[in-house]
Amino acid sequence: MKKILLVAFSCQPGKGSEPGVGWNWAVQAAKTQDVWVLTRSKMKKYVEPAIPEELKDSLHFLYAPSSKKLRKLTIYLEYLAWQHTAFRYAKKYCREMQFDCVWSITFGNMFLPTYMYKLGLPFIWGPVGGAEQVPKQYWKEFPFKKRCVHMLKYWMGQHIKLLPWIWKPAKEAALIIARTQATKELFPQDMQDKVQVHLEACVDMERDFCFDLALAAQLKKSNGINLLYTGRIIDIKNIPMLVSIMKDIKKDYPDCRLHILGDGDERAESEDLVKKYGIQNNVVFYGNVPRANLLKAVQECDAFVFPSLKEGAPWSLLEAMAFEKPIVAYDLNGMHDTLSPDSAILVNVDGKTPSEAKDAFWVGMQKLLCMSQTEKNRMGLAARKRLETVHSAAGVKNYIQTVIDSIV
């Protein structure tokens with residue numbers, strides 16, 4: 001058993017995204033290693049009561065304060081300031097305890113700096129993303145400010161040797177874990193041997209999904225075909241396009257309904273389109289809902305549609321896979337790595353304009369709607385099997401053990 005300093009800006013039980021990654025990987029690591037997690041002081045009230053009884057002796061938490069004032073401006077400023085503070089605290093803890101390696105795990109973004117490689121310990125970085133970009137042909141669809149952000153991220157990814165906050169930790173790392181194959185390919189050829197691909201997804205079926213699949217048919221409240229989207233309603237999620245597709249779907253499937261759970265700055269525009277197209281009975285917005293209600297909605301739906309243009313391993317897809325739902329998604333970055341051709345209808349967008357990509361997604365939805373129930377069940381079962389074999393907590397635990405054995 002090795003003593004690991006795991007640095008996690010975000011670490012919170014019962015959450016998805018970055019907080020969930022920090023917590024879930026720490027828990028799995030502690031099953032085979034002596035893990036000391038350095039996180040923000042504000043996380044103490046969440047993490048300490050949640051430590052599993054069987055891990056009391058192997059999962060420990062250390063804290064470094066973060067700035068409330070900077071958080072009010074943006075979480076990224078809070079992160080940047082905290083990295084400096086965390087490095088000072090980490091040096092102190094390293095003097096007091098003998099760690100075998102240091103692992104920087106969240107935020108999982110290669111464009112945001114970490115200084116833990118300076119501690120003089122074997123340094124593990126990741127899972128990190130960076131190459132999960134909106135396709136170039138969509139940039140012109142965004143407002144100028146957001147267009148510039150996408151262009152900057154793309155430029156940074158192509159010139160990491162010019163960016164010391166990326167190049168230095170990458171150069172010093174004993175191992176880099178990339179979220180996707182696309183991110184792995186951003187690193188220079190002479191680094192490829194120390195870059196591995198592993199999605200950040202870490203699903204514990206018993207803990208994360210309490211459900212009864214046999215109950216699904218009894219829970220349905222509405223007739224017809226029920227499609228579902230869950231997640232934020234922001235530019236990269238492409239919800240206005242999905243709404244416009246529903247206008248055409250209604251012509252052939254008047255009893256088809258799209259249920260949208262989530263919120264964001266493009267919700268108002270999307271709702272206006274629903275009114276414009278006169279499809280209020282076919283597209284329903286619910287806003288943010290409690291997780292129990294969300295899981296029930298996933299369980300009840302007939303299929304899951306996910307038109308996002310940029311993702312890592314989206315929790316929304318993992319939920320749909322857990323409930324054995326057929327899925328339609330773009331064959332892009334994280335969706336490509338999370339799903340497989342037998343577990344979803346993956347829509348190719350290579351070389352397509354936004355209009356052509358929309359038509360392709362419409363074709364994908366049509367294909368799903370034309371499938372027999374047997375075909376849908378087969379696809380849903382394949383999705384569940386992939387979740388259990390590729391994205392499970394047990395898989396992450398075994399992977400961490402392999403990483404530590406190879407580095408320390």
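Please verify whether ALA320 is part of a strand (DSSP E or B), of a type outside the set (Ser, Thr, Tyr) and within 20 Å of the chain's Cα centre (by Cα), treating the condition exactly as stated.
Here the answer is no, as ALA320 does not meet what is asked.
Answer yes or no: is there a residue in segment 167-189 that is farther than 17 Å from GLY312 by Cβ, out of contact with any strand residue (DSSP E or B) (no Cβ under 9 Å at 6 or more places or on another chain) and part of a loop (DSSP other than H, G, I, E, B).
yes
Restricting to segment 383-408, and then to whatever is aliphatic (A, V, I, L, M) and under 18 Å from PRO314 (Cβ atoms), can you tell me which residue is surrounded by the most Cβ atoms within 10 Å (Cβ to Cβ)?
Ranking the candidates gives ALA383 first.
Filter segment 80-128 down to residues that are of a type in the set (Ser, Thr, Tyr) and assigned to a helix (DSSP H, G or I) and give me whichever is nearest to the chain's Cα centre (by Cα).
TYR117
Looking for something closer than 29 Å to GLU388 by Cβ and either at pLDDT 90 or above or assigned to a strand (DSSP E or B) (or both) - is there at least one such residue anywhere in segment 199-219?
Within segment 199-219, one or more residues are closer than 29 Å to GLU388 by Cβ and either at pLDDT 90 or above or assigned to a strand (DSSP E or B) (or both).
Do the conditions hold for LYS275, that is, is it in a helix (DSSP H, G or I), of a type in the set (Lys, Arg) and touching a helix residue (DSSP H, G or I) at 6+ places or on another chain (Cβ under 9 Å)?
Criteria not met by LYS275.
Please go through segment 177-197 and give me each residue that is buried (at least 22 other Cβ atoms within 10 Å of the Cβ) and not hydrophobic (A, V, I, L, M, F, W, C), ordered by number.
ARG179, THR180, THR183
Among the numbered criteria (1) of a type in the set (Val, Ile, Thr); (2) surrounded by 24 or more Cβ atoms within 10 Å (Cβ to Cβ); (3) more than 27 Å from GLY224 (Cα to Cα), which single criterion is violated by ILE327?
Of everything listed in (1) of a type in the set (Val, Ile, Thr); (2) surrounded by 24 or more Cβ atoms within 10 Å (Cβ to Cβ); (3) more than 27 Å from GLY224 (Cα to Cα), ILE327 misses just condition (3).
Any chance you could count how many residues in segment 244-261 are under 26 Å from ASN293 (Cα atoms) and touching a strand residue (DSSP E or B) at 6+ places or on another chain (Cβ under 6 Å)?
Of the residues in that region, 7 qualify.
Pairs, please: C-beta under 6 Å, at least 6 apart or cross-chain, first residue within 15 Å of ILE327 (Cα to Cα) and in contact (Cβ under 8 Å) with a residue 40 or more places away in the chain and in segment 373-394, second in a loop (DSSP other than H, G, I, E, B) and small (Gly, Ala, Ser)?
So the pair list comes out as ALA382/SER343; ALA383/SER343; ARG386/SER340; ARG386/SER343.
Kindly indicate the residue of segment 2-39 that is among the hydroxyl-bearing types (Ser, Thr, Tyr) and farther than 22 Å from ALA292 by Cβ and also farthest from the chain's Cα centre (by Cα) among those meeting that condition.
THR32
The values are calculated or read from the model by the stated rules, or taken from the named source; none is laboratory data. Small disclaimer: the values here were computed from a predicted structure and weren't measured. Using ideal geometry, Cβ is built from the backbone for each residue, glycine included, and neighbour counts are taken over all protein chains shown.
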